[in-house]
1. Where Lys and Arg each count +1 and Asp and Glu each count -1, what net charge lies around T91 among other residues with Cβ under 13 Å from its Cβ?
2. Residue by residue, what Karplus-based ³J(HN,Hα) values in Hz, rounded to whole numbers, does the range 37-43 have, using 6.51, -1.76 and 1.60 with θ = phi - 60° and x for Gly and Pro?
3. How much space per residue, in cubic angstrom, does the convex hull of the C-alpha atoms of the chain take up?
4. What does a probe at E61 reach in the range 1-36, counting residues whose amide N is under 14 Å from the point 7 Å along Cα→Cβ?
5. For the range 44-50, take each phi angle, set θ = phi - 60°, evaluate the Karplus expression 6.51 cos²θ - 1.76 cosθ + 1.60, and give the result in whole Hz per residue in order, putting x for glycine and proline.
6. By how many nm would the segment from R6 to V50 grow when fully extended, if each residue of separation counts as 0.36 nm and the alpha-carbon distance is taken off?
7. When the solvent-accessible surface of protein heavy atoms is calculated with a 1.4 angstrom probe, in what order do L84, L76 fall, highest first?
8. Quick check for you: which residues of the range 34-76 have the amide N under 15 Å from the point 7 Å beyond the Cα of T16 toward its beta carbon?
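The values are calculated or read from the model by the stated rules, or taken from the named source; none is laboratory data. Predicted model only: the values in this text are computed from it and were never measured. Using ideal geometry, Cβ is built from the backbone for each residue, glycine included, and neighbour counts are taken over all protein chains shown. For accessibility, only protein heavy atoms count, side chains too; no ligands or nucleic acids. Shrake-Rupley method; radii C 1.70, N 1.55, O 1.52, S 1.80 Å.
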Amino acid sequence: MRSTFRVLFFLKRDKTKANGHTPIFCRITIDKQEARFGIKKDVDPAIWEVKAGRAVGRTSEVVEINSIIDKTKSALFNVYNELLLSDANVTAEKVKNYFLGGTTNAHNLRITTKFWV
């Protein structure tokens, strides 16, 4: 059976900080199941492109934010592929936990790898 895997970055606009910046969140979707987490980076909403899911411009801040987004997305795809090889039932929550914590417990087997950028 084929599963769908998507990664989306979005702004959590209801958590705007005092300086006007908004935290960036990541949503992992696998077969209509979602898992979300913050990437611990804030951005000015004026430079955020919603459709692209990334910041727009040429400043050093934009380059840094887009670099973090690219590295996170790449690491999530690596985690997903690694879990597909070792586990037949891959969920969005498993990918998130493996990515953030670096651990997954399966039948008393503990695999530890840190993927966070």
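1. On the way: positive: K32, K94, K96; negative: D31, E34, D87, E93.
It works out to a net charge of -1.
2. Result, rounded to whole Hz: 7, x, 9, 6, 9, 10, 9.
3. Working: hull volume 13.3 nm³, N = 117.
Spread over its residues, the Cα hull of the chain gives 113 Å³ apiece.
4. Zone members listed by number: 17-24.
5. Per residue, the Karplus-derived 3J(HN,Hα) values read 6, x, 5, 9, 8, 9, 5 Hz.
6. Numbers: separation 44, 0.36 × 44 = 15.84 nm, distance 1.56 nm.
Fully extending the segment from R6 to V50 adds 14.3 nm.
7. On the way: L84 80, L76 0 Å².
Largest to smallest exposure gives the sequence L84, L76.
8. Counting backbone N atoms under 15 Å from the label point, the list is 43-48.
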